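**Q** Here it is: the structure, laid out below.
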Amino acid sequence: MILLIIDLKMLMSKKVFIIISRLNIGGPTKLVNYLHENLNQYNFNSTLISGYPIEDEGEIKPQNNQENHIYISGLSPGANIFKSFLAVLKIYRLIKKNKPDIIHTHQAKAGLVGRIAGFLARTPVRIHTFHGHVFNNYFSKFKTSIIMSLERLLAKLSTKIIAISPDIEKAITKEYKITTKSKTIIQSIGIQINSYTSNKSKDSCRKEFNLPMEKTILGFVGRFAPIKDPLKFISLAENLLEKNCDYHFLIVGDGPLKESVHLAINASNNSNSFTILPWQNELNLLYRSLDLLVLTSKNEGTPLTILEAMISGTPTASTPVGGVKDLILDNETGILLQNDLNSMAETIIKLLSDHSLLNAIKQAGIQLVNDQYSMEHFLENTVKNYDSLIE
């Protein structure tokens with residue numbers, strides 16, 4: 001009898017294919033894994049399809065529902081046309097066999113392969129989420145124009161487009177005209193708030209990572225990739241040290257610029273003022289060890305690292321790019337930095353000397369995340385969007 005009930009529930013469940021280019025360490029992966037692991041609470045049967053991580057990138061695999069995770073190599077960035085075609089064919093066959101009600105793609109390559117396969121297989125609902133975009137600061141003008149033309153075509157194959165911030169929605173509907181406003185939904189991302197609460201003191205957290213107790217510590221947490229610009233963070237650190245600031249700098253991450261980051265620090269006369277760590281599991285302790293998180297990105301979607309720092313009680317200073325401006329209201333929930341190093345340094349020095357402002361920013365950040373950016377809220381909104389499109 002119990003088995004019969006379980007079988008009936010499986011038959012009644014709605015099926016969704018979640019397709020992502022790769023499960024590299026970062027915001028989109030955390031969101032996708034959470035959906036894959038928790039959609040069953042809302043009677044959705046999820047299959048996760050991903051490519052393999054590229055060299056020098058970590059990977060976050062789902063902890064639950066692993067039996068419904070499928071790797072397809074042609075989804076990974078840099079896969080040649082033949083492998084990409086095979087990926088379309090493989091996903092098309094999976095769709096025809098399993099007949100999902102929804103395919104939901106994340107990241108550009110998965111959006112290309114998954115939406116073509118879903119359209120050809122006549123999947124009823126085809127959704128793509130823009131976690132950011134590559135329409136500036138990524139490629140040459142010629143390559144960018146080709147990408148935008150392709151994205152416009154793919155948008156026509158989509159039932160709905162999700163933008164994770166008002167800034168991204170504006171970019172894809174007005175600035176670059178990828179799709180229409182009527183076809184686009186703005187849906188905020190979320191974080192698992194309970195994962196970033198701790199009773200440990202700042203000193204205890206610093207001991208975990210062998211960081212100096214007496215120093216003011218500024219941190220960079222992110223992929224070592226050109227778009228995140230970790231080398232600019234190192235240049236900013238040098239500028240601050242030249243101004244006789246008694247600061248220490250923590251750099252956490254991995255990626256294609258790993259060797260360049262290490263070379264830049266080893267070549268510095270202040271190499272003892274830097275600590276480099278690989279990706280960490282205990283991010284809440286890492287954020288709590290910092291006095292300030294600094295983002296030097298050339299472009300961003302909605303940076304999960306800012307939300308993680310906020311809920312951990314760590315203020316953020318960031319370049320005003322992409323969805324950053326949707327999270328940071330200057331001098332209220334964080335600090336926005338200009339692009340030149342001297343201006344960035346002076347702004348940071350001024351902030352770190354104003355303890356009243358620092359405390360106000362901390363409290364405002366915690367409130368913002370609790371009110372608007374829980375992972376549970378993200379899951380509920382996703383399910384509402386799914387249900388509205390299936391009906």
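We did not get these values from a lab; they are worked out from the coordinates using the rules stated. In this text, all values refer to a predicted model and were calculated from it rather than measured experimentally. For neighbour counting, all protein chains shown are included, and Cβ atoms are generated from backbone atoms with ideal geometry for every residue, glycine included.
**Q** Which of the trypsin sites (Lys or Arg not before Pro) found in the stretch 157-211 are loop residues per DSSP with 14 or fewer other Cβ atoms within 10 Å of their Cβ?
**A** Working: sites: LYS160, LYS170, LYS174, LYS177, LYS181, LYS183, LYS200, LYS202, ARG206, LYS207; in loops: LYS177, LYS200.
Loop-located and lightly packed - LYS177.
**Q** Looking at the stretch 193-372, how many pairs of lysines come closer than 19 Å at the Cα, when each pair is eight or more places apart or spans two chains?
**A** So the count works out to 18.
**Q** Which value at 222 nm does the chain reach when only helices count, each DSSP H run of 4 or more adding -39,500 (n - 2.57), with the total divided by all residues and rounded to the nearest 500 deg cm²/dmol?
**A** Numbers: 15 runs with 168 residues, N = 391.
It lands at -13000 deg cm²/dmol.
**Q** Same structure again: Need one number: the % of Cα-Cα pairs in the chain sitting beyond the 37 Å mark.
**A** Details: 17853 of 76245 pairs.
Cα-Cα pairs of the chain separated by over 37 Å account for 23 percent.
**Q** Mean separation of Cα pairs under 8 Å and 6+ residues apart, divided by the residue count of the stretch 39-187: what relative contact order is that in percent? List each step's numbers first, then the result.
**A** Working: 201 pairs, mean separation 23.1, N = 149.
Taking the mean separation of contacting Cα pairs over the length of the stretch 39-187, I get 16 percent.
**Q** May I ask for the percentage of alpha-carbon pairs in the stretch 193-372 that lie more than 21 Å from each other? Show your work: numbers first, answer last.
**A** Numbers: 7157 of 16110 pairs.
Summing the P(r) tail past 21 Å for the stretch 193-372 gives 44 percent.
**Q** What relative contact order, as a whole-number percentage, does the stretch 193-372 give when Cα pairs under 8 Å and 6 or more residues apart are counted?
**A** 22 percent
**Q** What do the square roots of 5 times the Cα gyration tensor eigenvalues come to for the stretch 61-182, in whole Å, largest first, as semi-axes of the equivalent ellipsoid?
**A** Details: eigenvalues 120, 57, 42 Å².
Each semi-axis is √(5λ); the values are 24, 17, 15 Å.
**Q** If you don't mind, another one. Of all chymotrypsin sites (Phe, Trp or Tyr not before Pro) in the stretch 361-391, which ones are in loop regions per DSSP and have a Cβ with at most 11 other Cβ atoms within 10 Å?
**A** Working: sites: TYR373, PHE378, TYR386; in loops: TYR373.
When the chymotrypsin sites (Phe, Trp or Tyr not before Pro) of the stretch 361-391 are filtered for loop state and at most 11 Cβ neighbours within 10 Å, nothing remains.
**Q** Same structure again: Take the alpha carbon gyration tensor of the stretch 56-116, find the square roots of its eigenvalues, order them as a ≥ b ≥ c, and report rounded if a/c is under 1.5; if not, report prolate when a/b exceeds b/c, else oblate.
**A** Values: a/c = 1.72, a/b = 1.01, b/c = 1.70.
Oblate.
**Q** Between PHE85 and ASN331, how high is the FRET efficiency from 1/(1 + (r/R0)^6) when r is the Cβ-Cβ distance and R₀ = 56 Å? Nearest 0.05.
**A** On the way: r = 51 Å, r/R0 = 0.91.
Taking R0 as 56 Å, the efficiency between PHE85 and ASN331 is 0.65.
**Q** Let me ask another. What's the exposure ranking of GLU332, GLU55, going from fewest to most Cβ atoms within 10 Å?
**A** Numbers: GLU332 13, GLU55 8.
By the 10 Å Cβ count, ascending, the order reads GLU55, GLU332.
**Q** 5 Å is the cut-off here: which amide hydrogens, built 1.01 Å from N in the peptide plane, fall below it relative to SER297, excluding neighbours closer than 5 in sequence?
**A** THR319
**Q** Further, regarding this structure: Tell me, what is the FRET efficiency for ASN359 and ILE186 to the nearest 0.05, using R0 = 30 angstrom and their Cβ-Cβ distance as r?
**A** After rounding, the FRET efficiency stands at 0.45.
**Q** Loop-only check: which chymotrypsin sites (Phe, Trp or Tyr not before Pro) in the stretch 90-144 are DSSP coil with at most 16 other Cβ within 10 angstrom? Mind showing how you got there, number by number?
**A** Values: sites: TYR92, PHE119, PHE130, PHE135, TYR138, PHE139, PHE142; in loops: PHE135, TYR138, PHE139.
Sites meeting the loop and neighbour criteria: TYR138, PHE139.
**Q** If you don't mind, there's one more thing I want to ask. Taking the Cα centre of each part, how many Å lie between the stretch 68-102 and the stretch 247-322?
**A** Taking the Cα centre of each part, the stretch 68-102 and the stretch 247-322 sit 34 Å apart.
**Q** Anything in the chain that counts as a DSSP H helix reaching 30 Å or more along its axis (C-alpha) with Kyte-Doolittle mean of at least -1.0? List them, would you?
**A** Details: long enough: none.
None pass (Cα extent of 30 Å or more, hydropathy at least -1.0).
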